1. Do you know which of the residues in region A:60-78 that are out of contact with any helix residue (DSSP H, G or I) (no Cβ under 7 Å at 6 or more places or on another chain) and modelled with pLDDT of 90 or more is surrounded by the most Cβ atoms within 10 Å (Cβ to Cβ)?
2. Mind listing just one residue for me: the one in region B:9-51 that is assigned to a loop (DSSP other than H, G, I, E, B), among the hydrophobic types (A, V, I, L, M, F, W, C) and farther than 21 Å from A:Gly122 by Cα and, of those, nearest to the other protein chains (Cβ to nearest Cβ)?
3. In region A:134-153, what residues are surrounded by fewer than 21 Cβ atoms within 10 Å (Cβ to Cβ), closer than 18 Å to A:His54 by Cβ and of a type in the set (Gly, Ala, Ser)?
4. Which condition number does B:Leu59 fail, the rest of (1) closer than 18 Å to A:Arg39 by Cβ; (2) facing chain A (nearest Cβ under 9 Å); (3) among the aliphatic types (A, V, I, L, M) being met?
5. Do we have B:Cys54 as within 13 Å of chain A (Cβ to nearest Cβ), within 28 Å of A:Leu53 (Cβ to Cβ), touching a Leu at 6+ places or on another chain (Cβ under 7 Å) and of a type in the set (A, V, I, L, M, F, W, C) here?
6. State the number of residues belonging to region A:79-90 that are exposed (fewer than 14 other Cβ atoms within 10 Å of the Cβ), assigned to a helix (DSSP H, G or I) and not aromatic (Phe, Trp, Tyr).
7. Give A:Leu157, A:Leu142 a once-over and let me know the one that is under 16 Å from the mean Cα position of the chain (by Cα) and at pLDDT 90 or above.
Amino acid sequence: MIVAATSTKALWYLTRGSGIVSLVLLTASVVLGVSTAARWASAKWPRFITEGLHKNISLLSIVFLAVHIATAVLDGYVHIRWIDAVVPFTSTYRPFWLGLGALAFDMLLAVIVTSLLRVRIGHRIWRAVHWLAYGCWPIAVLHGLGAGSDNGQQWMLFIDLAAVAVVATAVFARFVVPATTHRTNTPLVGGRA
Amino acid sequence: MKIRVDPIVCDGHGVCAELFPERISLDDWGYPIVDDSPIDDRLLPHAKRAVEQCPVIALRLERALAGR
């Protein structure tokens with residue numbers, strides 16, 4: 001009985017923890033993705049590092065999301081079915097907030113699968129699907145704000161605010177500040193006659 | 001195998017030159033200058049990585065002419 005109770009609690013804590021880690025990883029991935037698109041680089045931080053981290057952190061986020069979903073389903077305290085993780089707004093438990101999570105997960109899967117097949121499907125399709133990332137991330141954040149069990153906590157508020165701040169800054173810098181100012185490998189000032 | 005760049009697709013991100021400097025360098029505007037000499041097996045993994053990592057998929061690995 002005690003063991004069962006403890007393991008149930010462990011699953012629930014794991015759901016919360018892996019959800020928060022996923023948020024942090026997805027935030028990092030979005031910022032790195034924006035950095036790639038905006039061509040930010042320097043001599044000490046070459047582009048392939050940004051790209052490589054973007055790819056690997058995104059793949060890592062899938063691992064944590066798998067834990068997040070599996071523990072939420074397996075934890076019997078609230079009734080969540082496997083299908084609720086992929087079909088949005090059908091769960092009996094908090095259908096709207098869980099639905100946002102499912103929606104974000106579907107979008108992320110589309111983004112990652114097309115990225116893995118990128119060379120095969122071509123740049124145009126890959127890029128069209130990749131724009132979904134800009135929808136996926138805010139929906140995932142909303143899912144956390146609506147369904148998260150740690151929302152009353154100060155440190156959770158800090159993580160949420162920091163995540164929104166860095167993504168907003170990166171997106172602002174990419175789309176509002178002209179891209180040409182970031183092209184570090186283009187010597188704008190040089191000894192060319 | 002040899003490496004080819006599609007100059008219309010290429011956007012001058014410059015990732016390829018970082019990953020495969022043995023065959024790719026950049027001009028003053030950040031666009032690749034490709035040495036299309038055959039790539040041996042030792043260098044092939046680097047070439048493949050450059051192809052995969054190109055942000056706009058402008059690189060391609062092609063079979064070198066027969067006999068090379």
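The values are calculated or read from the model by the stated rules, or taken from the named source; none is laboratory data. No experiment lies behind these values; they were computed from the predicted model shown. A quick note on method: Cβ atoms are made from the backbone with ideal geometry, for glycine too, and the neighbour counts reach across all protein chains shown.
1. Applying the first criterion (out of contact with any helix residue (DSSP H, G or I) (no Cβ under 7 Å at 6 or more places or on another chain)) to region A:60-78 yields A:63, A:66, A:70, A:78.
Now narrow it down to the ones that are modelled with pLDDT of 90 or more: A:63, A:66, A:70.
Numbers: A:Val63: 13, A:Ala66: 14, A:Ala70: 16.
Applying the filter and picking the extreme gives A:Ala70.
2. Restricting attention to region B:9-51, the residues satisfying the condition of being assigned to a loop (DSSP other than H, G, I, E, B) are B:9-14, B:20-23, B:27-31, B:35-43.
Filter again for among the hydrophobic types (A, V, I, L, M, F, W, C), leaving B:9-10, B:20, B:29, B:39, B:43.
Add one more test, that the residue is farther than 21 Å from A:Gly122 by Cα, and what stays is B:20, B:29, B:39, B:43.
Working: B:Phe20: 10, B:Trp29: 6, B:Ile39: 17, B:Leu43: 16 Å.
Among them, the one singled out is B:Trp29.
3. The one that is surrounded by fewer than 21 Cβ atoms within 10 Å (Cβ to Cβ), closer than 18 Å to A:His54 by Cβ and of a type in the set (Gly, Ala, Ser): A:Gly135.
4. For B:Leu59, the failing item is (2).
5. On the way: within 13 Å of chain A (Cβ to nearest Cβ): yes; within 28 Å of A:Leu53 (Cβ to Cβ): yes; touching a Leu at 6+ places or on another chain (Cβ under 7 Å): no; of a type in the set (A, V, I, L, M, F, W, C): yes.
Against the criterion (within 13 Å of chain A (Cβ to nearest Cβ), within 28 Å of A:Leu53 (Cβ to Cβ), touching a Leu at 6+ places or on another chain (Cβ under 7 Å) and of a type in the set (A, V, I, L, M, F, W, C)), B:Cys54 does not qualify.
6. So the count comes out to 1.
7. Details: A:Leu157 fails: under 16 Å from the mean Cα position of the chain (by Cα).
Residue meeting the stated conditions: A:Leu142.
Residues are listed down the side, and each one gets a yes or a no for (1) touching a strand residue (DSSP E or B) at 6+ places or on another chain (Cβ under 9 Å); (2) of a type in the set (A, V, I, L, M, F, W, C); (3) in a helix (DSSP H, G or I); (4) away from chain B (no Cβ under 14 Å):
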site: A:Lys55; (1), (2), (3), (4): no, no, yes, no
site: A:Ser61; (1), (2), (3), (4): no, no, yes, yes
site: A:Phe64; (1), (2), (3), (4): no, yes, yes, yes
site: A:Val67; (1), (2), (3), (4): no, yes, yes, yes
site: A:Thr92; (1), (2), (3), (4): no, no, no, yes
site: A:Pro138; (1), (2), (3), (4): no, no, yes, yes
site: A:Ser149; (1), (2), (3), (4): no, no, no, yes
